[in-house]
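Remarks on the structure that follows.
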Amino acid sequence: MTRPATLRLGTRTSPLALWQAHRVAEALAARGAQVQIVELETTGDRYRDVPLPELGAPGVFSRELDEALLEGRIDLAVHSLKDLPADLPRGIALAAVSYREDPRDALVGRGRLAWRSLREGATVATCSLRRRAQLRLARPDLRVVDLRGNIGTRLAKLDRTPAWDAIVLAVAGLVRLGLGARIGERLPLQLMLPAPGQGAIAVTARAGEVDSIRLARRAANHRPT
């Protein structure tokens, strides 16, 4: 099927998601495509006060984008690769995986903060079960509390919560939003293993839309990643 004259590129509405969408849009435009960015709210965005494990099945940050693709409301969708389920829904194809930024997690405090300088019984905030488990394995004395929201929201919550010592965020998101100076330490992989695909951007399409998939792959795919 011939690709549409204007490619509708779906994305979540967070600042990081929009950064990623604009980066992919620029790559598509460089290949001669006309691109329209379409912002969509996902389940994970809608229920920001609910801990992620309570939202249930995988795809809380991608389901609405998949539905928009399958219904023909968008032609391509941009995701953080780590947000995609291991098995994509029927009818959805992975068209491209772009350059992977530093995949590590970052320890972030209100000033320069290193892992070894975290006090006994320190409070660290994160919404990730993966991060919670690894924090508690490395330091059983830590108090780990829940934290949801986009990157700016999480940083603001840390800054106005004196009882918290630190939060853990992905290095890639901080770097891409120009917030690398907030990083206290890039945690070594031996301490904090990242989520699969963390730091990479994915582009999905309707399976069978050969022209759109081919264009996305040529424009945005990074073979080493």
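The values are calculated or read from the model by the stated rules, or taken from the named source; none is laboratory data. The structure displayed is predicted, hence computed values, not measured ones. Here the Cβ is made from the backbone with ideal geometry for all residues, glycine too, and neighbour counts use every protein chain on show. Surface areas here come from the heavy atoms of the whole protein model, side chains and all, with no ligands, DNA or RNA. Shrake-Rupley method; radii C 1.70, N 1.55, O 1.52, S 1.80 Å.
For residues that are among the charged types (D, E, K, R), in a helix (DSSP H, G or I) and touching a residue at least 60 places away in the same chain (Cβ under 8 Å), scanning just the stretch 117-148, find the one that is farthest from Glu185 (Cα to Cα). It would help to see each step written out before you state the result.
Step one: of the stretch 117-148, the residues among the charged types (D, E, K, R) are 119-120, 130-132, 136, 139, 141, 143, 146, 148.
Filter again for in a helix (DSSP H, G or I), leaving 130-132, 136.
Retained after the next criterion (residues that are touching a residue at least 60 places away in the same chain (Cβ under 8 Å)): 130-131.
Numbers: Arg130: 18, Arg131: 15 Å.
Applying the filter and picking the extreme gives Arg130.
Here are Ala202, Ala114, Ala181: which of them is without any contact (Cβ under 8 Å) to a residue 24 or more places away in the chain and either on the phi < 0 side of the Ramachandran plot or buried (at least 18 other Cβ atoms within 10 Å of the Cβ) (or both)? Quick ask: steps written out before the conclusion?
Values: Ala202 fails: without any contact (Cβ under 8 Å) to a residue 24 or more places away in the chain; Ala114 fails: without any contact (Cβ under 8 Å) to a residue 24 or more places away in the chain.
On inspection, the qualifying residue turns out to be Ala181.
What single numbered condition from (1) out of contact with any Ser or Thr (no Cβ under 8 Å at 6 or more places or on another chain); (2) open to solvent by 40 Å² or more (accessible area, probe 1.4 Å) fails to hold for Leu88?
(1)
Going through Leu158, Leu215 one at a time, which residue ends up being closer than 13 Å to Leu107 by Cα and either modelled with pLDDT under 95 or outside any strand (DSSP E or B) (or both)? Outline the logic, then answer.
Working: Leu215 fails: closer than 13 Å to Leu107 by Cα.
The conditions single out Leu158.
What number goes with the only condition from (1) open to solvent by less than 40 Å² (accessible area, probe 1.4 Å); (2) in contact (Cβ under 8 Å) with a residue 24 or more places away in the chain; (3) out of contact with any Pro (no Cβ under 8 Å at 6 or more places or on another chain) that Arg186 does not pass?
(1)
Of (1) farther than 22 Å from Thr153 by Cβ; (2) modelled with pLDDT of 85 or more; (3) open to solvent by 40 Å² or more (accessible area, probe 1.4 Å); (4) in contact with a helix residue (DSSP H, G or I) (Cβ under 9 Å, 6 or more places away or on another chain), Glu67 satisfies all except one. Which?
(4)
Cβ-Cβ under 9 Å, sequence separation 6+ or interchain: first residue in the stretch 25-38 and in contact (Cβ under 8 Å) with a residue 60 or more places away in the chain, partner surrounded by fewer than 13 Cβ atoms within 10 Å (Cβ to Cβ) and assigned to a strand (DSSP E or B). Which pairs?
Leu28/Gln34; Ala33/Thr6
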